[in-house]
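Colleague: Can you read through this structure? Questions will come right after.
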Amino acid sequence: MSQVVSQKEAVRSAISQVLSEAGVRFDETTNVKSLMTKELRSQVNQILFEGFRSGAVALKGEKTDKELRDYVSGLQSNWLNKDTSLTGGVKYIAKNPGSRVGSTDAQIKALRALMANTTVQSEIEELQGYIDTRLAEIEAVRPSKKKEVKVNFDALPESIRTKYSTQA
């Protein structure tokens, strides 16, 4: 039995195969996403789809063909954005960090659904107030992701070291 490969490795392999077959040259400094045409992406999706269906690529759970086709398209996009071997070494930065806050909270979901069915502006504003309050509660209990940065004061010029080392 052949070894099951990770999804990340399957995407890398499929992209490499499709670009090579198309005669497109690339290396680790190339942003591969810029090379991908609609046709090339479609070929990669087909390779991934077949890999999942054959069991050669790791997949948790069962998916219909439609669900799997949607999944492989998103999977390809994800790794084209986030795999530094495919982005030319550029690290991914989320466009809207924190935009998913509350998306799994039952109360937020219910409030948003209710607000979507409301047409009276004063009621919409009232519901938005409840949503804002709930989001603030969720944010308050979320662990902070702020990293503590260590400064090597010895590497700084003397004038800056003197000025800032007393503040640290």
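Colleague: Please determine, by comparing only the residues of the stretch 1-17 that are farther than 18 Å from residue 88 by Cα and part of a helix (DSSP H, G or I), which one is nearest to the chain's Cα centre (by Cα). Before you say what the answer is, go through the steps one by one.
Modeller: Taking the stretch 1-17 and keeping what is farther than 18 Å from residue 88 by Cα, we get 1-7, 10.
Keeping just the survivors that are part of a helix (DSSP H, G or I) gives 7, 10.
Working: 7: 14, 10: 17 Å.
Within the stretch 1-17, the match that is nearest to the chain's Cα centre (by Cα) is 7.
Colleague: If I go through the stretch 44-72 residue by residue, how many of them are in a helix (DSSP H, G or I) and either exposed (fewer than 14 other Cβ atoms within 10 Å of the Cβ) or modelled with pLDDT under 90 (or both)? First the steps, then the outcome.
Modeller: Looking only at the stretch 44-72, we keep the residues that are in a helix (DSSP H, G or I), and these are 44-54, 65-72.
Filter again for either exposed (fewer than 14 other Cβ atoms within 10 Å of the Cβ) or modelled with pLDDT under 90 (or both), leaving 50, 53-54, 65-67, 70.
Looking only at that region, the number is 7.
Colleague: Let me ask another. Just to check your reading of the model, which residue among 18, 32, 24, 72 is of a type in the set (A, V, I, L, M) and touching a residue at least 40 places away in the same chain (Cβ under 8 Å)? It would help to see each step written out before you state the result.
Modeller: Values: 18 fails: touching a residue at least 40 places away in the same chain (Cβ under 8 Å); 24 fails: touching a residue at least 40 places away in the same chain (Cβ under 8 Å); 72 fails: touching a residue at least 40 places away in the same chain (Cβ under 8 Å).
That would be 32, the only listed residue that is of a type in the set (A, V, I, L, M) and touching a residue at least 40 places away in the same chain (Cβ under 8 Å).
Colleague: Can you tell me which residue within the stretch 1-43, out of those that are among the β-branched types (Val, Ile, Thr) and surrounded by 16 or more Cβ atoms within 10 Å (Cβ to Cβ), is farthest from residue 55 (Cα to Cα)? I'd like the intermediate steps shown before the answer.
Modeller: If we filter the stretch 1-43 for residues that are among the β-branched types (Val, Ile, Thr), which is where we start, we get 4-5, 11, 15, 18, 24, 29-30, 32, 37.
Then keep just the ones that are surrounded by 16 or more Cβ atoms within 10 Å (Cβ to Cβ); that gives 11, 15, 18, 30, 32.
On the way: 11: 15, 15: 19, 18: 20, 30: 30, 32: 26 Å.
Checked the stretch 1-43; the qualifying residue farthest from residue 55 (Cα to Cα) is 30.
Colleague: Additional query: Does residue 104 satisfy being outside any helix (DSSP H, G or I), more than 30 Å from residue 46 (Cα to Cα) and modelled with pLDDT of 90 or more?
Modeller: Values: outside any helix (DSSP H, G or I): yes; more than 30 Å from residue 46 (Cα to Cα): yes; modelled with pLDDT of 90 or more: no.
No, not satisfied.
The values are calculated or read from the model by the stated rules, or taken from the named source; none is laboratory data. Every value quoted in this text rests on a predicted model; they were computed, and no experiment measured them. Cβ coordinates were reconstructed from backbone atoms using ideal geometry, including for glycine residues, and neighbour counts include every protein chain displayed.
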